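Have a look at the structure below before the remarks.
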Amino acid sequence: MIHKEKTTLINDVVLSVLVFVVICTWIGCGKLAEEGEKYTPDPNIFTKEPSEESIVSLDVVDEESAETVTLRFPVDQLLVMAEEGVDPAAMEAAAQDLGGTLVGQIPPINCYQFQFPITTIAELDQKAEAARERSEVESAGYNLLAEIYDSSPQFTKCLADGDNDALENEQRCAFERIGYYSLVPIMDEVKSKSMTSLNDVKIAVLDSGLEGMWFKSDATLIDLDGGELKHSTDTAHDMHGTKVIGLIAAKDKDGSINGLASRILGKHLKLYFSVMNTNPLALATVAGYAVQAVTRAKVDFVHMSLGWRLLQNSNIADSMNLTTSRKVWEKILNKYENVTFIAAAPNEPFKIRPHNAVPVGITSDNIIAVGGTQACDSMARYESTAYGPYIQISAPAKGVPVINPIDINGAPKLVEGNSFAAPMVTSTAAILKSIKPELKPKEIRDYLVYNAGPTHANPEAPEEIDPFLDMAEPVVKLLLDMEKGEELFDRDMDGETDGIGIIKSRLCSETYLSVEGLGSYHFESQMDQDDWGEQSYAAATITSENITISMSEDDSVEHVFFQIEIYKPFEIGKNYNLPEEGEASFLWQKKDGTEMLIGNSAVDLEDQSGVVLTSCAILDRKEVNGVSLPILLQVEGMYAGQLVISEGLIDETAANYNANSFFNFPTVVQFSLPEDAELVEQLEVSCLNGLFVMH
């Protein structure tokens with residue numbers, strides 16, 4: 001319910017608060033609203049949830065699409081839209097004239113809820129027709145029930161505490177594909193260097209509730225009913241609301257899920273949630289919460305991992321009392337044009353056309369409709385997602401890790417449904433708004449869509465490329481547009497980002513070389529490929545036949561250069577023996593030209609000298625002939641052996657020096673298809689983010 005009676009049992013209230021504080025101190029609950037952030041619902045907005053026994057189903061064939069649509073609604077309630085200027089008192093009188101009672105009202109959008117002592121659809125249709133004949137009424141129809149859109153079924157750096165680094169293999173896919181693991185170190189650097197400030201951002205999540213007694217978050221959590229964060233009875237949908245909110249704002253360090261938005265925004269995230277613990281979620285109830293959130297809480301975003309399926313044929317829709325459902329959301333979207341509404345597309349493989357689904361089937365600058373893909377293959381559409389031009393962007397919907405309601409301190413649960421794709425989009429949008437509060441809804445949507453990756457979302461046009469969410473790209477683009485962080489994002493000063501993979505490698509790479517008796521060197525991995533050979537860098541290239549590893553440090557005093565050439569194919573875990581399978585070369589030179597040391601790998605009589613590539617991750621891809629190919633890796637490994645080092649070019653007093661190196665740097669892949677198909681397969685199987693990872 002939106003509007004609830006207040007208890008006068010002061011002692012019970014005090015006792016409840018004390019118990020809540022004790023429990024939260026013990027287990028760590030979500031943070032409640034602080035002074036100055038208090039939220040009070042509008043008492044003039046209230047709705048009545050339908051009883052379970054009143055719910056009926058009606059199968060209707062949409063003549064235009066030939067699809068059968070199952071409508072569910074309370075048989076004793078009507079949703080009524082009033083004409084402009086009609087006040088609640090007049091609508092209450094209208095309800096009584098029709099033999100019913102006004103049980104709900106949302107005056108800002110002229111929406112009212114009538115209830116009648118009736119039990120059949122035929123009687124309800126008669127009431128709807130009678131209501132539409134009244135001068136006060138613009139439209140009247142069924143109070144349709146919402147559909148919940150779910151279906152239950154390592155590097156050493158830049159994996160900071162609280163960024164879902166405990167996830168492994170297929171559990172990581174969803175977050176890897178959307179660039180979350182790239183965004184985290186980038187935003188950590190942005191914040192640590194004060195490149196920009198973050199501002200408070202408010203999200204309302206309209207869903208089935210929040211399990212507040214154990215939910216932990218760095219965000220401020222606020223109940224749209226105006227109460228404290230509390231235990232909910234969200235069992236009908238296996239804690240659907242908690243899982244959705246968790247993707248945005250959870251904090252769990254024990255192998256479960258950390259929120260994609262709260263990890264970046266922390267205390268700047270204010271999350272308002274509805275408590276709709278009953279099944280179903282009626283349109284009137286959801287609309288009431290939406291208006292409360294917008295008008296009273298002044299939220300920036302309204303998130304809905306739910307929606308309503310209608311009919312394509314407008315004439316049939318009118319006759320089936322469905323027009324009112326569309327009008328409610330059109331009214332909300334038009335009236336609150338500065339609020340961004342993010343909605344999951346239905347989990348049904350049908351084409352969204354005008355008016356056959358709400359709110360995703362409505363054209364408006366302030367709505368973002370989210371479709372789904374496979375988690376580990378972002379190019380592949382989620383087989384149960386709706387599709388069509390009304391879907392603005394897609395995100396992983398199958399194989400998404402969420403908070404496990406059975407074992408909250410254990411491994412996450414993998415689920416599917418567009419319900420879990422949409423929170424990824426909402427989280428990214430919230431980060432953009434926090435960085436630049438003056439962004440309008442359409443600008444936010446444009447940053448998401450025009451800085452997205454590729455996917456094939458439309459089965460009717462499988463060759464077309466559609467937008468797939470990338471969390472990092474739009475954030476970096478916004479910062480560049482604001483002239484923030486150019487030294488990190490745009491080293492060549494061409495106005496375009498240098499590539500997220502390269503940016504991440506600048507932050508996450510570390511490479512060392514130690515040569516006995518000479519010294520130890522630390523190489524920065526900060527340069528684009530075009531800059532390799534200048535200043536300090538550590539990088540590599542691989543082809544189908546060889547691997548080249550290069551390190552260089554060039555300052556005002558000395559120049560150090562170390563390179564390893566391996567004449568064998570790329571393979572993780574293999575020990576490449578030097579000098580049998582490759583060659584190491586070394587140069588140390590004083591910049592004034594007075595001294596020079598030159599070395600090469602020595603013959604290893606004990607067969608212990610060599611290079612091992614211990615791990616790799618795919619950082620960037622490129623579409624080539626319809627195939628998404630890895631073009632940039634992050635490679636980790638080590639070298640140990642001896643170098644034969646001499647003074648100058650013709651010195652006869654060469655000696656063996658022990659040397660070792662640990663490296664973690666960007667690696668460019670150079671190949672051409674189909675000749676290098678084996679290399680591509682090796683990378684997809686061996687590297688993190690690969691399509692066929694086996695490790």
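Just a few scattered comments:
- Residue check, Pro117 part of a loop (DSSP other than H, G, I, E, B), within 22 Å of His240 (Cβ to Cβ) and either in contact with a strand residue (DSSP E or B) (Cβ under 7 Å, 6 or more places away or on another chain) or at pLDDT 95 or above (or both): no
- Cβ pairs under 7 Å, 6+ apart, first in region 431-451 and among the small types (Gly, Ala, Ser), second open to solvent by less than 30 Å² (accessible area, probe 1.4 Å) and in a helix (DSSP H, G or I): Ser434/Leu265
- The residue that is modelled with the lowest pLDDT, counting only those in region 217-228 that are surrounded by 24 or more Cβ atoms within 10 Å (Cβ to Cβ) and part of a loop (DSSP other than H, G, I, E, B), is Ser217.
- Qualifying residue in region 301-319 (condition: of a type in the set (Gly, Ala, Ser), within 22 Å of the chain's Cα centre (by Cα) and buried (at least 24 other Cβ atoms within 10 Å of the Cβ)): yes
Matching residues to (1) modelled with pLDDT of 80 or more; (2) out of contact with any helix residue (DSSP H, G or I) (no Cβ under 6 Å at 6 or more places or on another chain); (3) farther than 21 Å from Val611 by Cα; (4) among the basic types (Lys, Arg):
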position	(1), (2), (3), (4)
Ser646	yes, yes, yes, no
Tyr657	yes, yes, no, no
Asn660	yes, yes, no, no
Thr667	yes, yes, no, no
Phe671	no, no, yes, no
Glu675	no, yes, yes, no
Glu678	yes, yes, yes, no
Glu681	yes, yes, yes, no
Glu684	yes, yes, yes, no
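- Candidate set: region 361-379, residues that are among the polar types (S, T, N, Q), outside any strand (DSSP E or B) and open to solvent by 10 Å² or more (accessible area, probe 1.4 Å); chosen: the one farthest from Ala343 (Cα to Cα): Ser378
- Matching residues in region 98-112 - criterion: being within 27 Å of Pro41 (Cα to Cα) and either open to solvent by less than 30 Å² (accessible area, probe 1.4 Å) or of a type in the set (A, V, I, L, M, F, W, C) (or both): Gly100, Leu102, Val103, Gly104, Gln105, Ile106, Ile109, Asn110, Cys111, Tyr112
- Residue, least open to solvent (accessible area, probe 1.4 Å), within region 52-81, restricted to residues that are at pLDDT below 90 and in a loop (DSSP other than H, G, I, E, B): Ser65
- Condition check for Val328: among the aliphatic types (A, V, I, L, M) and either at pLDDT below 90 or under 24 Å from the mean Cα position of the chain (by Cα) (or both): no
- In region 85-97, the residues that are open to solvent by 30 Å² or more (accessible area, probe 1.4 Å) and assigned to a helix (DSSP H, G or I) reach residues that are acidic (Asp, Glu) and at pLDDT 95 or above with C-beta atoms within less than 8 angstrom, at least six apart or across chains, in these pairs: Ala90/Glu136.
- Residue that is modelled with the lowest pLDDT, among those in region 253-271 that are of a type outside the set (D, E, K, R) and open to solvent by 10 Å² or more (accessible area, probe 1.4 Å): Gly255
- Of all the listed residues (Thr428, Thr385), the sole one being in a loop (DSSP other than H, G, I, E, B), open to solvent by less than 10 Å² (accessible area, probe 1.4 Å), among the hydroxyl-bearing types (Ser, Thr, Tyr) and within 20 Å of Phe175 (Cβ to Cβ) is Thr385.
The values are calculated or read from the model by the stated rules, or taken from the named source; none is laboratory data. Since the structure is predicted, the reported quantities are computational estimates derived from the model, not experimental observations. All Cβ positions, glycine included, derive from the backbone under ideal geometry; neighbour counts span all protein chains shown. Heavy atoms of the whole protein, side chains included, go into the accessibility calculation; ligands, DNA and RNA do not. Shrake-Rupley method; radii C 1.70, N 1.55, O 1.52, S 1.80 Å.
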